[in-house]
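Quick notes on the structure that follows.
The values are calculated or read from the model by the stated rules, or taken from the named source; none is laboratory data. Every value quoted in this text rests on a predicted model; they were computed, and no experiment measured them. A quick note on method: Cβ atoms are made from the backbone with ideal geometry, for glycine too, and the neighbour counts reach across all protein chains shown.
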Amino acid sequence: MEALARVHRKQVLTYLRLTNLKLGLLINFGGELLKGNMERLVNGLEEPPTL
């Protein structure tokens, strides 16, 4: 099972910015369930700080 990396989030945000869209979904189909393997990304919001 492959986990979503920071680069995947950056890629979706780049696509949103280039297409002038505001909302995108990042979905990991490699997980057993979709619950917990989906992330909603919004263009124009700051990224939360990583700890």
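Computed quantities for the displayed model
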{"read-out": "Candidate set from the range 25-39 (those that are without any contact (Cβ under 8 Å) to a residue 12 or more places away in the chain and not aliphatic (A, V, I, L, M)); member that is farthest from Leu13 (Cα to Cα)", "value": "Lys35"}
{"read-out": "Among residues of the range 16-38, those that are closer than 21 Å to Glu2 by Cα and under 12 Å from the mean Cα position of the chain (by Cα), counted", "value": "7"}
{"read-out": "All positions within the range 1-24 that are at pLDDT 90 or above and charged (D, E, K, R)", "value": "Arg6, Arg9, Lys10, Arg17, Lys22"}
{"read-out": "The range 25-47, subset surrounded by 10 or more Cβ atoms within 10 Å (Cβ to Cβ) and acidic (Asp, Glu), residue modelled with the highest pLDDT", "value": "Glu39"}
{"read-out": "Residue list for the range 6-39, filter: among the small types (Gly, Ala, Ser) and part of a loop (DSSP other than H, G, I, E, B)", "value": "Gly30, Gly31, Gly36"}
